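*Asks:* I'd like to ask you about the structure that follows.
No value in this document is a laboratory result; all are computed from the given coordinates. Here the structure is a predicted model, which is why all the values come from computation and not from measurement. Ideal geometry is used to build each Cβ from the backbone, glycine not excepted, and the neighbour counts take in all protein chains shown.
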Amino acid sequence: MAASNRERSQALRHAGADVTLLTPHWWFEEGRRITARPNEAWWRVGRTCFTGNGTRHVYLTGLVESVRATHPDVIDLYEEPFTLVALQSVLLRDRLAPHAALVLYSAVNVARRWRWPYRAIERFVLNRADAAHAPNSDVPPILAARGFGSKPVAVIPLGVDVDRFAAAQPVALDGIPRPRIGFIGRFEAVKGLDVLLDAFRRLTTPAELVLVGDGSRRPALVGDRIHVLAAVAFEQIPSLLKAVDVLVLPSVTILPLHREQFGRVLVEAMAAGVPVIGSRSGAIPEVIGDAGLVVPERDPAALAQAIETVLTESDLRQRLIERGRQRAATQFAWSTIADKTLSLFDAAVARRRRAPSFEMVRA
């Protein structure tokens, strides 16, 4: 998500790093086409081809120019290692800035086998990269098994602007009475919307279900007291979260393709003071910790009971709200993310300076 990555870059700058951000001039995000509108001098926009494909896009302009202009100590590649742009970045680093440590990102928390040429690209990039970060603890052993070895790997969660989410005013959802059960995300099978609909129909406490997003499952999201709203811009998420009484993320695991990699909306809801409920898919329990309720995957009865509990037990609800705010402030605030990221950069630079390949190039 480019908006949050801009916040990440800003946090690194506030922590003292000299940062240049490079993005394509447009991309697809949650099924919508987003156009880059840079409003900071340090945000560069490059022209790409195959932009709509997350694995095949490459930079036609911008990447070479940015490397030459900045003489980077670190190239922070916020792309999966099996992508063409990852290969392009490694090759350009080796050619134009061999002293620069290359730090990659991976969120893939299932042991997938990529088809050619992505399997070969991943092997090459993992061999040439100096460090990596991941949003969940399942990724590091997968990277190690794929050949990353003992290079520095940090689990760094996705961040949130705690103050902005806490201070937001709720958007008016006219015609939708409280209490409101919220879901924000992609309307796809992996998000467990069928489980949520089943759970909602089992509730004995009167409530409204507010679903915000878009995707292939949209036609199936119908029923009494079910309200389907269009996807909103990132800037509108805080006010939308403030308008619901509980946020639910009932994702399901579909192996070998998908497990929930993080669930950013959970962190955003915590920061907004909204209690959260999630399934046990992937990283969701890791993200929620003790600040929400976690239920088994594909269990509508358990999910319905959790929703009932949050809506009817005021003491528990308040405890979850307070724990969520505290967890967001201590674990997911951008200042925390920046500190962890800069520590990883330091480790990557130290390793790069010791690397035999670097010594050969420098000599």
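*Asks:* Per residue of the chain, what 222 nm ellipticity follows from adding -39500 (n - 2.57) for every DSSP H run with n ≥ 4, rounded to the nearest 500?
*Replies:* Calculated mean residue ellipticity at 222 nm is -11500 deg cm²/dmol.
*Asks:* While we're here: Just want the answer: with Cβ charges of +1 for Lys and Arg and -1 for Asp and Glu, which residue in SER137, ALA291, THR205 is farthest toward the dipole's positive end in the chain?
*Replies:* With unit charges placed on the Cβ atoms, the residue in question is SER137.
*Asks:* What's the angle, to the nearest 10 degrees (0 to 90), between helix 84-96's Cα axis and the longest principal axis of the chain?
*Replies:* On a 0 to 90 degree scale, this one is about 30.
*Asks:* Place a +1 charge on the Cβ of each Lys and Arg in the chain and a -1 charge on the Cβ of each Asp and Glu, then give the dipole magnitude about the Cα centre in debye, rounded to the nearest 20.
*Replies:* The calculated dipole for the chain is roughly 1120 debye.
*Asks:* Can I ask one more? May I ask for the angle, rounded to the nearest 10°, between helix 300-312 and the longest principal axis of the chain, with both axes built from Cα atoms and the value confined to 0 to 90°?
*Replies:* Taking the Cα atoms of the chain, the angle to 300-312 is about 70 degrees.
*Asks:* Which loop GluC sites (Glu not before Pro) in the range 27-115, with loop taken from DSSP, have no more than 13 other Cβ atoms within 10 angstrom of their Cβ?
*Replies:* GLU40
*Asks:* Which whole-Hz couplings ³J(HN,Hα) result when phi for each residue of the range 229-239 is put into the Karplus expression 6.51 cos²θ - 1.76 cosθ + 1.60, θ = phi - 60°, listed in order with x for Gly and Pro?
*Replies:* 10, 5, 4, 10, 5, 3, 5, 8, 4, x, 5
*Asks:* Rank HIS25, LEU249, ALA306 by how far each Cα sits towards the positive end of the charge dipole of the chain (+1 on Lys, Arg Cβ; -1 on Asp, Glu Cβ) and give me just the farthest.
*Replies:* The one lying farthest along the dipole's positive direction is HIS25.
*Asks:* Among ILE337, HIS99, PRO72, whose Cα sits farthest toward the positive end of the charge dipole of the chain (+1 at Cβ of Lys/Arg, -1 at Cβ of Asp/Glu, about the Cα centre)?
*Replies:* Looking along the dipole axis, the top candidate is HIS99.
*Asks:* Let me ask something else. Taking the Cα centre of the range 1-102 as origin and charging only Cβ (+1 Lys, Arg; -1 Asp, Glu), how large is the dipole, in debye to the nearest 20?
*Replies:* 300
*Asks:* Sticking with this one: Assuming 0.692 mPa s and 37 °C, estimate D for the chain with Stokes-Einstein, Rh taken as the Kirkwood radius over Cα pairs, in µm²/s.
*Replies:* Stokes-Einstein gives a translational diffusion coefficient of 152 µm²/s.
*Asks:* P(r) for the range 162-332, please, calculated from all Cα pair distances in 5 Å bins and given in %.
*Replies:* Taking every Cα pair in the range 162-332, the percentages come to 1, 9, 19, 24, 24, 16, 6, 1, 0.
*Asks:* I would also like to ask the following. What residues qualify as long-range amide H neighbours of TRP26, i.e. H under 5 Å apart, gap of 5 or more or another chain, H built at 1.01 Å from N?
*Replies:* ALA36
*Asks:* Which one of ARG352, ARG164, ARG37 has the biggest mean-square fluctuation once the chain is modelled by GNM with Cα springs under 10 Å?
*Replies:* So, out of ARG352, ARG164, ARG37, the one fluctuating most is ARG37.
*Asks:* Could you work out the relative contact order of the chain, using alpha carbon pairs under 8 angstrom and six or more residues apart, expressed as a whole percent?
*Replies:* 17
*Asks:* I would also like to ask the following. Mind ranking 235-243, 11-19, 82-90 by how tightly packed they are, going by the mean number of other C-beta atoms within 10 angstrom, highest first?
*Replies:* With the highest mean Cβ count within 10 Å placed first, the list reads 82-90, 235-243, 11-19.
*Asks:* Given the Cα-Cα distance of ILE142 and TRP114 and 0.36 nm per residue of separation, how much length would full extension add, in nm? All intermediate terms of the calculation are to be shown ahead of the outcome.
*Replies:* On the way: separation 28, 0.36 × 28 = 10.08 nm, distance 1.33 nm.
Length difference between fully extended and current span is 8.8 nm.
*Asks:* Something else: Going by Cα centres, the range 304-334 and the range 142-188 are how many Å apart?
*Replies:* Between the Cα centre of the range 304-334 and that of the range 142-188, the gap is 15 Å.
*Asks:* On alpha-carbon atoms, Rg over Rh for the range 144-212 using Kirkwood Rh? Walk me through the numbers before you get to the answer.
*Replies:* Working: Rg = 19.1 Å, Rh = 16.3 Å.
Radius of gyration relative to Kirkwood radius: 1.17.
*Asks:* What do you get for Rg/Rh of the range 33-107 when both radii come from the Cα atoms and Rh is the Kirkwood radius?
*Replies:* 0.95
*Asks:* Roughly what would the spin-label model give for LEU257 and TRP26, points 7 Å off Cα along C-beta, in nm?
*Replies:* 2.7
*Asks:* Helix 314-327: angle to the longest alpha-carbon principal axis of the chain, degrees 0 to 90, nearest 10?
*Replies:* 10
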